[in-house]
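Here the structure is laid out as structure tokens; the discussion comes afterwards.
The values are calculated or read from the model by the stated rules, or taken from the named source; none is laboratory data. None of the values given here were measured: they were computed from a predicted structure. Note that we place each Cβ from the backbone using ideal geometry, even for glycine, and neighbour counts take in every protein chain shown.
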Amino acid sequence: MTGMRTALRALTTAAAAAALLVGVAVSPAPAQAPDRPVKAPEGFVALRAVDPTIIQEMRYTTAHTFLGERVDGYRQPVCILTRPAAQALHRAQQRLLRQGYSLKVYDCYRPQRAVDHFVRWAKDLDDQSMKGEFYPRVDKSRLFEDGYIAEKSGHSRGSTVDLTLVRLPALPTGPYRPGEKLTPCFAPKGERFPDNSVDMGTGYDCFDTLSHTDDLRIQGVQRANRQFLKRTLAEVGFVNLPEEWWHFTHKPELFPDTYFDFPVDRRAVAGR
């Protein structure tokens, strides 16, 4: 009997193993989906395909941001915009080149996942690593209340761009080295982070009322530069956000009610 029980147990174990093998064969574990880029909807283009002369310094693909790191959704340093907005920038650029200037874009289309990253950062009050440059006089707990951070951004609709003016011939922008000493974004141009743009009175993404386009404390050449940029873009259909001298939206927007989330990636607009 002992020998028979042993044989039965062996048969049972072998059958269970065979069933397991069969199960594995007919029900394989699902393969992990590759991280494919999401194609942008028709109507979006790469700015470089419309105007390769516009300088692109896509800040959110770098660590030189108010977060102190690359922003979610920015896979490659490429400016993506709706076609009407890109074509309007091309018209503005043609006028500026004749006067010895070029546009330089800092940010264009912004995926919703990037905005979500901003929101998470703003809620983390312990992370103050970039305060010394980007918001020296603003308490981080007030970023939502003061309007510097919001859960939605017009950039995600594709017709909004952050940009400045560069006097030609363009000099290179100085490199940012993580951990370097930070200087307030409203310091004199020769002291704040080196940027090859004309002097606008503050740096880009400066969370301060001095960034308001028509702030009366900004005078002289700085004010003239802001008004020159604003006037040039208004002539081709862009409207300035009064709180940010660098922020412009082309009107009418191609997608006025849709917030997109495809990544900033050349493949998203390949062939356009």
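Quick notes on this structure:
- Subset of segment 159-208 (residues that are at pLDDT 95 or above and on the phi > 0 side of the Ramachandran plot): Gly201, Asp205
- Among the candidates Ala92, Ala86, Ala49, Ala40, residue that is in contact with a strand residue (DSSP E or B) (Cβ under 6 Å, 6 or more places away or on another chain) and modelled with pLDDT of 95 or more: Ala86
- Boolean, Thr173 is closer than 30 Å to Gln99 by Cα, assigned to a loop (DSSP other than H, G, I, E, B) and β-branched (Val, Ile, Thr): yes
- Some residue of segment 116-134 being at pLDDT below 95 and touching an Asp or Glu at 6+ places or on another chain (Cβ under 6 Å): no
- Counted residues, segment 43-57 - those being outside any strand (DSSP E or B), out of contact with any Ser or Thr (no Cβ under 9 Å at 6 or more places or on another chain) and either surrounded by fewer than 17 Cβ atoms within 10 Å (Cβ to Cβ) or not hydrophobic (A, V, I, L, M, F, W, C) (or both): 4
- Condition check for Gly179: surrounded by 20 or more Cβ atoms within 10 Å (Cβ to Cβ) and either touching a Cys at 6+ places or on another chain (Cβ under 9 Å) or within 29 Å of Arg120 (Cβ to Cβ) (or both): no
- Residues located in segment 66-83, provided they are touching a helix residue (DSSP H, G or I) at 6+ places or on another chain (Cβ under 6 Å) and either at pLDDT below 95 or surrounded by 18 or more Cβ atoms within 10 Å (Cβ to Cβ) (or both): Phe66, Leu67, Val71, Asp72, Gly73, Tyr74, Val78, Cys79, Ile80, Leu81
- Subset of segment 238-272 (residues that are surrounded by 19 or more Cβ atoms within 10 Å (Cβ to Cβ), in a loop (DSSP other than H, G, I, E, B) and out of contact with any Ser or Thr (no Cβ under 7 Å at 6 or more places or on another chain)): Phe262, Pro263, Asp265
- Residues of segment 244-264 classified as aromatic (Phe, Trp, Tyr) and over 14 Å from Ala40 (Cα atoms), total: 3
- Of the set (1) of a type in the set (Gly, Ala, Ser); (2) crowded, with 17+ Cβ neighbours inside 10 Å; (3) in a loop (DSSP other than H, G, I, E, B), all apply to Ala86 but (3).
- The listed residues are Arg113, Arg137, and the only one of them that is surrounded by fewer than 18 Cβ atoms within 10 Å (Cβ to Cβ), at pLDDT 95 or above and either in a helix (DSSP H, G or I) or among the hydrophobic types (A, V, I, L, M, F, W, C) (or both) turns out to be Arg113.
- Within segment 239-270, being over 19 Å from the mean Cα position of the chain (by Cα) and closer than 30 Å to Arg167 by Cβ holds for Val239, Pro242, Lys251.
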